[in-house]
Amino acid sequence: MSDAGNLHEKIVAFSSGVRFGDLPAAAIRAARMRLIDSVGVAFAAYDSPPGRIARRLAQPTSGDLAARVWGSQVRTTLEAAAFANGVMVRYLDLNDAWRTKDAHHPSDYLPGILAVAEYRGASGEDFIAALAVAYEIVCRFTDVVPLNDAGWDQPVSGAIATAMAAGRLLGLSHEAMMHAGALAVVPNLCTYQTRAGELSMWKGCAGPNGARNGVFAALLAAEGMTGPYEAFDGVFGFWNQTLRGTRCDVPLGSCYQDGKWGIVQTNIKTHPVRDSCQLPIDTALELRPRARAADIAALRIETYRSAWEGAVKDKELWAPKTRETADHSMLFAVACALVDGGVTSASFEQGRFADADILDLIGRTTVEVTDEFTAATPGRRNCRIIATLKSGASAVAHRVVTLADIERGMSDQELARKFDACTAGVFEGERARAFLDAAASLESVADVGRIVDLIRL
């Protein structure tokens, strides 16, 4: 199967060519951190309704083609493990994110890649290299391919990334990798309706479903299944169906030249809300000592266009009726931060998005897109909040975060505090310490299944 010179061929060549030795120390550290973060946020969401649903459907299997569900250690199919573990990672909207032209959550695909690595008895080095491949594909697609604006959702590229990571772990030939890519693309185009209007549980399941589909595509190719030819360039291929024939040059391999690997660049979140609401919460918390919610007559939030598009534009975001809508609402994020002094998982469990004091402050809020802030993205992201007080005085907070700030990310100590907060009462003590110790030397592990052994309740 040959699509010489096109993106499909480029993806396969890159995915097969990356070696552990190509990765800088920062990328190896980033892989360790994202494994720790993913397990932490998964346990924080262990008893969530979608998590319980996904685990119920992850039925035990006695076959060899299996991986385990985190926590319960049930042996299930690779696809079911990818989905169930991924749903737990994604549910709280607290896993990592990358936002440039589009937005994405690369760690949605980590559980699927780990499931295949567990099945194969892969080493920590092999898992890290496969994970770096997936992150690179997802991040570089997000940088240049405007799928969201065209009505297509994140897992379109996520399924491709997972198939490529899984394919290399399975030892697929170049020909089989091409088929895996085609089987990830053509059957799995998914629309942005998942994130439009009032949001459902599926918002946090779409990425894990992309991982499930990517794993299945690689398994099919491993058994000799052929995929649709000209998956990208055909008359009904990727480019014509998603972007009406527009082609984008996805810069895979640029990491070798500029040293900027996607796995290092993503944002490990502090707050359980969408990426574009992280900065507004921090800005609101800076404003809060000078503007008590009860004293605010009017509130104005100034932001950039892509944040407004995803977190303000839809009318449902101004009066959320579901948890999933609320954690995508800049209005709720700011109001809750100002009233309560923070936004936590408990904010959603308690239904704060439906409470009168929150809705009252949202009703006194306007949001303005500023050309200056929009032009500065994605390199610099600005948020300014102006509170007009009932006394007639005003208070202002303005915060900026850069891509360099995001890449710098959390320290090991900050990540440890987040992990402890996420796993308190669920996965702690000696069990948690054993996992953290193993994850801290991930690249030295001979079989990643030994780490999965430790992710148990």
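What the table below lists for this structure:
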item: Relative contact order for the range 141-268, counting Cα pairs under 8 Å that sit 6 or more residues apart, in percent; result: 32
item: Cut-off under 5 Å, modelled amide H: who pairs with residue 152 long-range; result: 192
item: Shape of the range 381-438, Cα gyration tensor, a/c cut at 1.5; result: oblate
item: Rounded, prolate or oblate (a/c below 1.5 giving rounded, otherwise prolate when a/b exceeds b/c) for the chain by Cα gyration tensor; result: prolate
item: Residue-normalised accessible area of the range 278-399, expressed per residue, 1.4 Å probe, Å²; result: 42
item: Table column - 3J(HN,Hα) (Hz), the range 385-390, Karplus curve with 6.51, -1.76, 1.60, x for Gly and Pro; result: 10, 10, 9, 9, 8, 5
item: Those GluC sites (Glu not before Pro) in the range 373-457 that DSSP places in a loop and that have at most 15 other beta carbons within 10 Å; result: 428
item: Heavy atoms of residue 362: accessible area, 1.4 Å probe, square angstrom to 10; result: 10
item: Protection proxy ranking of 164-172, 336-344, 88-96 - average other beta-carbon atoms within 10 Å, highest first; result: 88-96, 164-172, 336-344
item: Exposure of residue 328 as accessible area (Å², to 10), given a probe of 1.4 Å and all protein chains; result: 10
item: Debye log10 I(q)/I(0) at q = 0.12, 0.18, 0.30 Å⁻¹ for the range 1-58, Cα point scatterers; result: -0.61, -0.79, -1.14
item: 222 nm mean residue ellipticity, helices alone, for the chain (DSSP H n ≥ 4; -39,500 (n - 2.57); rounded to 500); result: -14500 deg cm²/dmol
item: Residue-normalised accessible area of the range 194-258, expressed per residue, 1.4 Å probe, Å²; result: 47
item: Probe 1.4 Å, accessible area per residue of the range 50-118, Å²; result: 27
item: Net charge of neighbours whose Cβ lies under 10 Å from the Cβ of residue 162, counting Lys and Arg as +1 and Asp and Glu as -1; result: 0
item: Cross-link pairs 260/315; 101/321; 269/313; 321/390; 101/260; 101/203 - those with Cα-Cα distance over 26 Å; result: 260/315; 101/321; 321/390
item: Translational D in µm²/s for the range 1-110 (Stokes-Einstein at 37 °C, 0.692 mPa s, Kirkwood Rh from C-alpha pairs); result: 205
item: Counted charge near residue 327, where neighbours are those whose Cβ lies closer than 10 Å (Asp, Glu -1; Lys, Arg +1); result: +1
item: Length-normalised contact order of the chain in % [C-alpha pairs under 8 Å, at least 6 apart]; result: 20
item: Fraction in percent of alpha-carbon pairs per bin - 5 Å, the range 84-129; result: 5, 20, 25, 18, 19, 10, 3, 0
item: Efficiency of FRET between residue 173 and residue 354 - r from beta-carbon atoms, R0 60 angstrom, step 0.05; result: 0.65
item: The chain - charge dipole about Cα centre, Lys and Arg +1 at Cβ, Asp and Glu -1, debye rounded to 20; result: 720
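The values are calculated or read from the model by the stated rules, or taken from the named source; none is laboratory data. Because the structure is predicted, anything quoted here is derived from the model rather than measured. Cβ: placed from backbone, ideal geometry, glycine included. Neighbour counts: every protein chain shown. Only protein heavy atoms, including side chains, enter the accessible area calculation; ligands, DNA and RNA are left aside. Shrake-Rupley method; radii C 1.70, N 1.55, O 1.52, S 1.80 Å.
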